[in-house]
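Comments concern the structure below.
Quick note: the coordinates plus some simple rules give every number you see, no bench work behind them. Small disclaimer: the values here were computed from a predicted structure and weren't measured. Backbone-built Cβ (ideal geometry, glycine too); neighbour counts: all protein chains shown.
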Amino acid sequence: MVKTDYELERKWWNAKAHKEETDMFYEKINRELRWREINKHLTEDINTILDVGGGTGAFSIPLAEKGFKVVHFDISEEMIAIAKSKAEEKNLKNITFEQGISIDLSRFNDNSFDMVIMRGLTNYSMRIEKTPYLRRCSMK
């Protein structure tokens, strides 16, 4: 198995953080498709959401605006800073920010989220031996 250098990953995402908002042509379509999937699952019993790989807040900020309690989780402190700034501008109090790697969600209690959003991380996080963390975080 290939070992991932998470420090290198963190640095790469930090360098990309300020470009994330300008890469909009194909990303706009991707985000619309992701929203379609997210909205299918936003039922009345969803209150708490973990956004793994939350980036600059493309999903976590609007979800918090809709009233969900959101934990924005990302490897990049630069991405988190941008998302946090957006949340502060909108005076959102129902969103928190945590930095970490997506294959280790052990800081969260089992069944602590009604929904887990995770995108663009399958190369690192969805390896068979790592998926139990996600299952335990989102099972209710």
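Dividing the convex hull volume of the alpha-carbon atoms in segment 1-111 by its residue count gives 132 Å³ per residue.
Phi-derived couplings, Karplus 6.51 cos²θ - 1.76 cosθ + 1.60 at θ = phi - 60°, listed residue by residue for segment 69-78: 8, 10, 10, 8, 10, 8, 7, 9, 5, 5 Hz, with x used for Gly and Pro.
Here's how it looks for Ile95: its modeled amide H is under 5 Å from those of Val70, which are all 5 or more places away or on a different chain. Each residue of segment 51-60 was assigned a 3J(HN,Hα) from its phi angle through the Karplus curve 6.51 cos²θ - 1.76 cosθ + 1.60 (θ = phi - 60°); the sequence is 9, 7, x, x, x, 8, x, 4, 10, 5 Hz, with glycine and proline shown as x.
Highest-first packing order for the peptide set 107-118, 68-79, 29-40 is 68-79, 107-118, 29-40, based on the mean count of other beta carbon atoms within 10 Å.
In terms of distances greater than 26 angstrom between alpha carbons, the cross-link table entries Lys19/Lys90; Lys11/Lys84; Lys16/Lys84; Lys66/Lys86; Lys11/Lys90 yield Lys11/Lys90.
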